[in-house]
Amino acid sequence: MKQTQINRKNMIEATLSYLDEKSPLWQSVAKIGEVKNKLSEVNQAIDVAAAEQLKAQVNAGKMKTELKRTISQKGDILNDMVEVFAVMTGDKALEQTMGQSASDLFKMKNDDMLRQIKLIIDAATEHQQALTDGYGLTAEQLADLQADYDRFLEMSGLPREYQIKSGVATLTLEELFSEASNLLTNQLDNLMKIFKRRDPALYAGYEKARIVVDY
């Protein structure tokens, strides 16, 4: 959830908690109990929707980590071919840029890893014919690493799987918060006015609970 949503949820829970605490004072007004129960159900639904959103984000992180591991392993294999080619042809400059292991690549920051993988892909592409003829490179290996590299670039924004799942969850949360706002503003706030003069302390406490505190 966004911080503004967390703030609104804290208010909802504070309101429900206050009404539970003061139930002997308002329970003679059955409509308040009816609306409060609906609000409680919406609050529980918000918890479920927020959990689904978090799950989508966690899954996206796992997907990205696994893809990085795969890219590092494939990059290491290609890297070794290019490095050996550089040694055999006496290309010291190329050799010096091709020494990273899969572990080295995986431990890099994402941006650094992507830059190094791009160097490997570019070098393999430049010398593709020689690598294919004498060092075991296949066109499929090069295309496969390029595809994974492109996918990781896309995921570095927001993976599509996350955008879809999290988008649905966010929409659901907004709908639920809208329903909670309707129950509070258009129903419960009006019902509690019954106690504005009958029980000023109860009404004042309710109004205090209804304040959204921004953090």
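Here, each number is a calculation from the coordinates, and none is a lab measurement. Since we're looking at a predicted model, the values are computed, not measured. Positions of Cβ are generated from backbone atoms using ideal geometry, with glycine treated the same way; all protein chains shown enter the neighbour counts.
Checked against the criterion of being closer than 25 Å to Phe152 by Cα and either touching a Pro at 6+ places or on another chain (Cβ under 7 Å) or surrounded by fewer than 19 Cβ atoms within 10 Å (Cβ to Cβ) (or both), the candidates Lys62, Lys92, Lys74 yield just one match: Lys62. Scanning region 14-28 for residues that are more than 12 Å from Leu184 (Cα to Cα) and either surrounded by fewer than 14 Cβ atoms within 10 Å (Cβ to Cβ) or of a type in the set (Ser, Thr, Tyr) (or both) yields Ser17, Tyr18, Asp20, Glu21, Ser23, Pro24, Gln27, Ser28.
Restricting attention to region 183-215, report how many residues are among the hydroxyl-bearing types (Ser, Thr, Tyr) and farther than 18 Å from Ile12 by Cβ. Walk me through how you get there before you give the answer.
Step one: of region 183-215, the residues among the hydroxyl-bearing types (Ser, Thr, Tyr) are 185, 203, 206, 215.
Then keep just the ones that are farther than 18 Å from Ile12 by Cβ; that gives 203.
Result for region 183-215: 1.
Filtered by the rule that a residue be assigned to a helix (DSSP H, G or I), within 13 Å of Lys22 (Cβ to Cβ) and in contact (Cβ under 8 Å) with a residue 60 or more places away in the chain, region 189-207 gives Met192, Phe195, Leu202, Gly205, Tyr206.
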